[in-house]
Each structure stands twice: as structure tokens, then as C-alpha cells.
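Here's the structure we're looking at; comments come further down.
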């Protein structure tokens, strides 16, 4: 039996009326609810971009994440596959920036889970194979694990 999945471009809104998401969507048959699926943009409630890229359910798979101040937080890939933990997707490979918009780290990440399964980003402890940068763009430290 082949199950038909209808994917279409759509806008979704917060209860306040502000735009929450625009992009490709599908109906999640588990909960009969419309969810992001594919290319799209997710917004903070104040209208600024939160994430832009490829989504699988409400969570981004690859793309760009922003701070609330509008600066880029992360560009790259997030974990994929079934979610067997609480919380958001987490960084796997890419470029991480500080809130001022300066490149902080580039490479792979090793995100640990807390006792309840929630993924925790622990700054330098989460850097795996890559380069950490000073605010002036010079190399601070190389990571090899």
C-alpha cells in the first residue's frame, strides 16, 4: 500500500497573528497537524528570522539559525534521524558565531545529552574536530578527537 503525502507551500501563524513559518508543509498523520517539511523560514514571534533551511517536522536539518538580535548563530547541519530525546535538534557540522556576529568555531560538534535526554551545548566541551577563533578572527585553538 502506497501512502500519499501532500506537500505544499504555506504560511503558518502564531496565535498573536504574526508569521511563524513560511515554506513547504505536510500533514503529520500521527497528530493530524500541519508541520514544516522541506525548505522554509521559521520566525521568532517578533517577526525576525529564527531559522532558514531544510526542515523535517518543526526541527531544522540543514541551514542557518539566527540570534534574536538578527545575527547568524549557526550555519550547517543538525542531527538527523529519529528523535529519542527531549529538546531541539543539535549541531553536527558547521560554523558557529557569537552574538556579535563573529565566527567562534568551525568544524564538527560532540553534543552530550543530559540525564533526561535533553541535548546540551557546553561551549568548548562540545567542540570535536575543528578550529576555535578569537574575536579578531585569529585561531585560538585546534580541536582533534
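In this structure, is residue 105 at negative phi, surrounded by 12 or more Cβ atoms within 10 Å (Cβ to Cβ) and modelled with pLDDT of 85 or more? When the stated conditions are applied, residue 105 passes them. A Cβ distance below 7 Å, combined with a sequence gap of six or more or placement on separate chains, defines the contacts here; from segment 122-145, residues that are in the same structural domain as residue 92 (by TED's automatic domain parsing) reach residues that are surrounded by fewer than 17 Cβ atoms within 10 Å (Cβ to Cβ) and part of a helix (DSSP H, G or I) in the pairs 132/124. Of the residues making up segment 109-120, those that are surrounded by fewer than 17 Cβ atoms within 10 Å (Cβ to Cβ) and either at pLDDT below 75 or not in a loop (DSSP other than H, G, I, E, B) (or both) are 112, 113, 114, 115, 116, 117, 118, 120.
Residue-level analysis places residue 6 outside the set of residues that are closer than 19 Å to residue 66 by Cα and either surrounded by fewer than 17 Cβ atoms within 10 Å (Cβ to Cβ) or under 17 Å from the mean Cα position of the chain (by Cα) (or both).
For the condition outside the structural domain of residue 29 (by TED's automatic domain parsing), closer than 20 Å to residue 36 by Cα, surrounded by 12 or more Cβ atoms within 10 Å (Cβ to Cβ) and at pLDDT 90 or above, residue 76 qualifies.
The values are calculated or read from the model by the stated rules, or taken from the named source; none is laboratory data. Quantities reported herein were computed from a predicted structural model and do not represent experimental measurements. When we count neighbours, we look across all protein chains shown, and the Cβ atoms used for this are built from the backbone with ideal geometry, even at glycine.
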